[in-house]
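See structure below.
The values are calculated or read from the model by the stated rules, or taken from the named source; none is laboratory data. It should be emphasised that the depicted structure is a prediction, and the values quoted were computed from it without experimental measurement. Neighbour counts run over all protein chains shown; Cβ positions are idealised from the backbone, glycine included.
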Amino acid sequence: MSDVAGHEVHGSRVGEWPAGDLVDLWGRACSGVVKHGFVIEFRDLEPPRTGIFDGLRIVLDPDVSFEMQCFLLLHLFGHSVQWVAPSLEHKLADLQHTEDREHFMSVLHAYELEAAGFGMQLMREVGVTGLDAWYSDFVATDWRYVEGYYQTNQLPDWKSCVVSGGPPVMPAPIPELRHHQVEVRFAF
Ligand SMILES: [Zn+2]
């Protein structure tokens, strides 16, 4: 089995991705995030927080699994872009001030997908090409998790949210950034 590439064994199963691919992603993604001007920090975060960002830094809890850290780094990079790109600022008002539940969920979904696109773009920029399906499934899984939380007011069981063969995330060009501190925000 050892000479079979991990993705051929596992498909794109979230939670089962082979470590070698993720170690490569981790190194490259860290470099990309830092080159885009964000600091990466590890800190002990109060559960259920796994990662936070404030426009200047992305903070991860090292107790989270390595695979989740890889996803969070890409995911929180995407959200960080949304909060410091002047061209995207107008979209944040809807996210913060939409009262109607159904409309809020569609605004939130668009916000999550946009962030996902910036994460995919970062992978492209740093030359990671074999993890598109893994990342897309992670994005779909994360959305089911977030949606479940808003529907039930309780954090769902992550494993019950795992998606396999989800829709591919399209890379989105990263706009000009003007780094500044924003209110500390959670992974979603
Ligand atoms: Zn998010």
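Which ones in the stretch 47-63 are within 16 Å of the ligand (Cβ to nearest atom) and either farther than 23 Å from E114 by Cβ or in contact with a His (Cβ under 8 Å, 6 or more places away or on another chain) (or both)? The answer is P48, G51, F53, G55, D61.
Condition check ((1) within 21 Å of A172 (Cα to Cα); (2) away from the ligand (no atom under 16 Å from the Cβ); (3) not small (G, A, S)) across all residues:
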residue: C30; (1), (2), (3): yes, yes, yes
residue: L45; (1), (2), (3): no, no, yes
residue: W83; (1), (2), (3): yes, no, yes
residue: P86; (1), (2), (3): yes, yes, yes
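Go through (1) crowded, with 21+ Cβ neighbours inside 10 Å; (2) among the charged types (D, E, K, R); (3) farther than 20 Å from P47 by Cβ for D132 and report which single condition fails. The one condition D132 does not meet is (1).
What residue, of D142, D137, is under 23 Å from W26 (Cβ atoms), charged (D, E, K, R) and within 12 Å of the ligand (Cβ to nearest atom)?
The match here is D142.
Among the residues of the stretch 164-185, none qualifies, meaning not one is assigned to a helix (DSSP H, G or I) and more than 15 Å from the ligand (Cβ to nearest atom). Of all residues assigned to the stretch 99-107, none qualifies as being of a type in the set (A, V, I, L, M), within 14 Å of the ligand (Cβ to nearest atom) and within 15 Å of the chain's Cα centre (by Cα). Does G119 satisfy being touching a residue at least 12 places away in the same chain (Cβ under 8 Å) and buried (at least 19 other Cβ atoms within 10 Å of the Cβ)? Judged against the criteria, G119 is a match. Among residues of the stretch 46-60 that are in contact (Cβ under 8 Å) with a residue 60 or more places away in the chain, those with a beta-carbon under 9 Å from a residue that is crowded, with 18+ Cβ neighbours inside 10 Å and hydroxyl-bearing (S, T, Y) at least six positions away or on a different chain give the pairs F53/S80; D54/S80; G55/S80; L56/S80.
Is one or more of the residues making up the stretch 144-155 part of a loop (DSSP other than H, G, I, E, B), surrounded by fewer than 21 Cβ atoms within 10 Å (Cβ to Cβ) and either touching a strand residue (DSSP E or B) at 6+ places or on another chain (Cβ under 8 Å) or among the polar types (S, T, N, Q) (or both)? The answer is yes; a qualifying residue exists.
Filtering the stretch 171-185 for residues that are at pLDDT below 95 and of a type in the set (S, T, N, Q) leaves an empty set.
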